[in-house]
Amino acid sequence: MTEAAAPNGEETAAKLTLRGVSKTFRGANGAVTALAAVDLEVAEGEFVCLLGASGCGKSTLLALVAGLERPDEGEILAHGQPVTGPGRDRMVMFQEHALFPWRTVLGNVLFGLELKPGLPRKSRIEVARYYLELVGLTKFAHAAVHELSGGMKQRVALARALAPNPQVLLMDEPFAALDAMTRERLYGDLQEICRKRKKTVLFVTHNVREACVLGDRVVVMTPRPGRIHGEFRVDLPRPRDINGIGIATLATRITATLRAEEPQEPAR
Amino acid sequence: MTKRVLDFAVFVLLLLAAWEALVRAELWNTVLLPAPSTVLAYLSGALLDGTLLDAAAVTARRLGVGYLAGMLAGLPLGLLCSRFQSARDTIGVLALGLQTLPSVCWAPLALLWFGQTEAAMTFVVVMGTTWSILLATADGVRAIPPLWLRAARTMGSRRLHTVLHVLLPGALPAIVSGLKQGWAFAWRSLMAAEIFITILTGFGLGQLLHYGRELHAMDQVLGVMTVIVAIGLLAEQILFGPVERWLRRRFGMTA
Ligand SMILES: Nc1ncnc2c1ncn2[C@@H]1O[C@H](COP(=O)(O)OP(=O)(O)OP(=O)(O)O)[C@@H](O)[C@H]1O
Ligand SMILES: [Mg+2]
């Protein structure tokens, strides 16, 4: 993928732009407005966390940016270009691991690389092994997916998303199913990777502390219909400690906002 | 593993010994039920003079060609049915109907259409194979989690790549059980067809069985039956055993 420079000065700052984006699903029991008039900008190299209760449209927003769904209204730009479909510049890590059981761990990481033109087999395997090492799964390269624990599966999914070296990472509650210890290790790894490889990240979570540890910015969404309610800049030095006082203070503030704005939501 | 093989061998030997003993006791007419030693004598004779191998080769060729053709028809048609409602409503329904028809029922038609040729035999085998493979492929592909397809799309997989690298492997457990069922149908229908139809271009195991009856050569009938059982067992083990073991290893419990 070329490091596509935006054609005009206006767009260069934002890697991702959503303007007035709405999405309505028409299902068996009526229409659900998953997103209503959402505006969002994510700058190059920025780590933005989307925070909100279940059903507020976080996954929908990610699917729209990924190009898996089309918006009913509004426009979505990636690197200043309208998003018309999925692209290798934007890799997705889904809420469920979405690994392919017929492939080994290594085979799964190779999947995206095989689709990258001009990459010989040998270097594909080298790259895949590099990312497996990064997530600490070198020893499991030839294991079957069903032999892995939930946390290991998510790490393979992370390696698979990173391997094609996308500029943008779209991550949908990737660590929700993990134990606290593994999760904290991955927080560290992810921040390290994003800093080193200059990723732009849109990271969905409904864990307030997680959002504060990872994000440069935390965007809070509210449901029915899904809207962006407000945002918080996280001006804490990295690496951040999830148990640090700065995180705790900010998390408390954000939680208070969430509570105040949606009393009907059960506390999680 | 070796213990299991040993168990089976001992079981077979005991069975044969009991059979031999009963025949020696002359409880039955030995013309109607020859002793296993007599059957064995026929088998070694037929093996040496080549009739058995020739017949097995003819049968195997018919089966192989018909099965392959049925697979080549069933897989793409199944894929088509998995992707398009209109294909399901037409070809899919037809397949469901024809699958219930024992494929040896095609034999009279095959004779009229193709005459007493190999094509008639192949046709019967194809009719036995295609529908189960088609239906299994269609169901298997439709059962693939949409998430896999979304994941593949984000990584740049499209059309043919998606078919070859996501749809087919993702549906493999279902497809393999369809292939197995197709195989069983093909094998049974071919045997039935060979017994009932004389094809001048080749003399298969079924025909050998048929002539055994005509000649009142019960040793031949029983001998050929043993061979048919052995081939069926071996084919399952050699063709499907490794694939199924691989599936269980990769997919875990679902296969
Ligand atoms: N394919 C779909 N068809 C119909 N409705 C949908 C579909 N996808 C999402 N929705 C609806 O849109 C709304 C937002 O869903 P979405 O999955 O984006 O929520 P979320 O914020 O990711 O929730 P969670 O935190 O539970 O994952 C929900 O009310 C959901 O029922
Ligand atoms: Mg979600």
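Rounded to the nearest 10 degrees, the inclination of helix A:121-134 to the longest alpha-carbon principal axis of chain A is 60 degrees. Here, region B:178-245 has an Rg and a Dmax of 13.7, 44 Å when only alpha carbons are counted. Kindly express, to the nearest 10 degrees and within the range 0 to 90, the angle between helix A:180-197's C-alpha long axis and the longest C-alpha principal axis of chain A. Its long axis makes an angle of about 80 degrees.
Legend: distances between Cα atoms for A:LYS153/B:LYS180; A:LYS139/A:LYS198; A:LYS116/A:LYS153; pairs beyond 25 Å are A:LYS153/B:LYS180; A:LYS139/A:LYS198. Spin-label model, B:LEU6 to B:ARG188: label points 7 Å out along the Cα-to-beta-carbon direction sit 3.6 nm apart. Whole angstrom only: what separates the Cα centroid of region B:69-88 from the Cα centroid of region A:58-122? With region B:69-88 and region A:58-122 each reduced to a Cα centre, they are spaced 28 Å. For chain B, the 222 nm mean residue ellipticity estimated from helices alone, with every DSSP H stretch of n ≥ 4 adding -39500 (n - 2.57) and the total spread over all residues, rounds to -24000 deg cm²/dmol. Length, then width, then depth: along the principal axes, the Cα atoms of chain A run 53, 44, 42 Å.
Think of it as helices only: each DSSP H run of n ≥ 4 in chain A is worth -39500 (n - 2.57), and spread over all residues that comes to -10500 deg cm²/dmol at 222 nm. Figure note: B:SER37, B:SER82 ranked by solvent-accessible area, largest first, 1.4 Å probe, ligands and nucleic acids not counted: B:SER37, B:SER82.
If the chain linking B:GLU214 and B:ALA25 were pulled fully straight, counting 0.36 nm for each residue of separation and taking away their Cα-Cα distance, it would gain 65.3 nm. Taking amide H positions as modeled 1.01 Å from N, with prolines and chain starts lacking one, the residues under 5 Å from A:LEU50 and 5 or more places away or on another chain are A:PHE203, A:VAL204, A:THR205, A:VAL219.
On region A:98-165, 55 percent of the accessible area sits on carbon and sulfur atoms, based on a 1.4 Å probe. Ranked from largest to smallest solvent-accessible area, with a 1.4 Å probe on the protein heavy atoms, B:TYR42, A:TYR187, B:TYR211 come out as B:TYR211, B:TYR42, A:TYR187. Between A:ASN243 and A:ASP189, the FRET efficiency estimated from the beta carbon spacing at R0 = 22 angstrom works out to 0.80.
For region B:216-222, the Karplus equation 6.51 cos²θ - 1.76 cosθ + 1.60, evaluated at θ = phi - 60°, returns couplings of 6, 8, 5, 4, 5, 4, 5 Hz by residue, with Gly and Pro reported as x. Derived scalar couplings between HN and Hα for region B:169-182 equal x, x, 8, 3, x, 5, 4, 5, 5, x, 4, 5, 5, x Hz in order, rounded to whole Hz, by the Karplus curve 6.51 cos²θ - 1.76 cosθ + 1.60 (θ = phi - 60°), x for Gly and Pro. The average projected area of region A:98-165, computed from the convex hull of its Cα atoms over all directions, is 4.0 nm². Solvent-accessible area lost on pairing B with A (1.4 Å probe, both sides summed) amounts to about 2100 Å².
Applying 1/(1 + (r/R0)^6) with r as the Cβ-Cβ distance of A:ARG19 and B:VAL163 and R0 = 45 angstrom yields a FRET efficiency of 0.80.
Estimated from the Cβ-Cβ distance and a Förster radius of 56 angstrom, the FRET efficiency linking B:LEU16 and B:VAL93 is about 0.70.
Note on chain B: Kirkwood radius taken over Cα pairs, Stokes-Einstein applied at 37 °C and 0.692 mPa s, translational D equal to 159 µm² s⁻¹. Computed log10 I(q)/I(0) for the protein assembly as shown at 0.05, 0.06, 0.12 Å⁻¹: -0.34, -0.46, -1.10, from the Debye equation with unit scatterers placed on every C-alpha and solvent omitted.
Computed from backbone phi with θ = phi - 60° and the Karplus coefficients 6.51, -1.76 and 1.60, the 3J(HN,Hα) list for region A:19-27 is 10, x, 7, 10, 8, 10, 9, 9, x Hz; x is used for glycine and proline. Using every pair of separate Cα atoms, the Kirkwood estimate puts the hydrodynamic radius of region B:137-227 at 16.5 angstrom. Using a probe radius of 1.4 angstrom, the carbon and sulfur fraction of the accessible surface of chain B is 72%.
Interface residues of region B:210-255, defined as a loss of at least 50 Å² in heavy-atom accessible area between the chain alone and the complex of all protein chains with a 1.4 Å probe, are B:ARG250.
The mean accessible area for residues of region B:36-250, using a 1.4 Å probe and ignoring ligands and nucleic acids, is 48 Å² per residue.
The values are calculated or read from the model by the stated rules, or taken from the named source; none is laboratory data. Keep in mind the model is a prediction, meaning the values are calculated, not measured. Note that we place each Cβ from the backbone using ideal geometry, even for glycine, and neighbour counts take in every protein chain shown. For the accessible areas, the whole protein counts, side chains as well, though only heavy atoms, and no ligand, DNA or RNA atoms are used. Shrake-Rupley method; radii C 1.70, N 1.55, O 1.52, S 1.80 Å.
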